[in-house]
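Each value in this text was obtained by applying a stated rule to the coordinates, not by laboratory testing. Since the structure is predicted, the reported quantities are computational estimates derived from the model, not experimental observations. Cβ placement follows ideal geometry from the backbone for every residue including glycine, while neighbour counts extend to all protein chains displayed.
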Amino acid sequence: MFGQTVSGQVADAPPANNSQPDVEGGSGLGLKVTAAAIGVLAVAASVMVGAGTAGVLGGGLALIMLAIAITDARSFLIPDPLNLAAVMLGLASAAVLGQGDLAVMAEAVLRAVFVAGAFLALHLAYLRLRRRRGIGLGDVKLAAVAGIWLDWPIVPIAIEIAALSALATYAVRRYALRHRLRPSTRLPFGLFFAPAIWICWLLQTTLPSGW
């Protein structure tokens, strides 16, 4: 299971020889510069919003979520090491915020297990009912990242932001750009879910304590 895991898709994977992802990460210099600029701004925002070590860890989350989004957009794969790194950073963040309180860390782990379990149940149910993949196992592991970083009220907001962003992208391509899309057209859910996790961490960090 280590290495890379297939991410979200709404159809069976196409043949390996001549398949092209519907959403591609460009390899040109312009896109690389843009990605680097986004990373720098995201880290700066994290450090400004978070206090001390928590802000630095948030900056690490921003970079990992950016890497996941780019990788998923290019290949429909979310590398396991990136998910694992985000989970470990989340544990460190829980330890910092909880000042070493094991109960705070245990709650973060519980959230990760619960959210990932819900995504896994959705993955298995869709596979059983439709005989094809919906969200991938990479997204299930990314859900664990959401659970370990985000408080209970914030997790649904991240999922909603990701889902609405994916639907909006589909609608723009279908109706505004007049692209021919089939019901089996694939969308990399990690492209939308990963940034939503960081955005919601930023939101959560700026909210008053106990919100």
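If R0 equals 22 Å, the separation of the Cβ atoms of Leu102 and Asp80 corresponds to a calculated FRET efficiency of about 0.25. Pairwise Cα separations in region 26-206 fall into 10 Å bins from 0 onward with the following percentages, short to long: 10, 35, 35, 16, 4, 0. When each of Ser46, Ser75 is scored by the number of other beta-carbon atoms lying within 10 Å, the sequence from fewest to most is Ser75, Ser46. All other residues whose Cβ lies under 15 angstrom from that of Ile197 are scored, Lys and Arg at +1 and Asp and Glu at -1, for a net of -2.
Our estimate of slack between Phe114 and Asp151, defined as 0.36 nm per intervening residue step minus the Cα-Cα distance, is 12.1 nm.
Using the Cα gyration tensor of region 102-211, with a ≥ b ≥ c the square roots of its eigenvalues, what is the shape: rounded (a/c below 1.5), prolate (a/b larger than b/c) or oblate (neither)? In terms of gyration-tensor shape, oblate.
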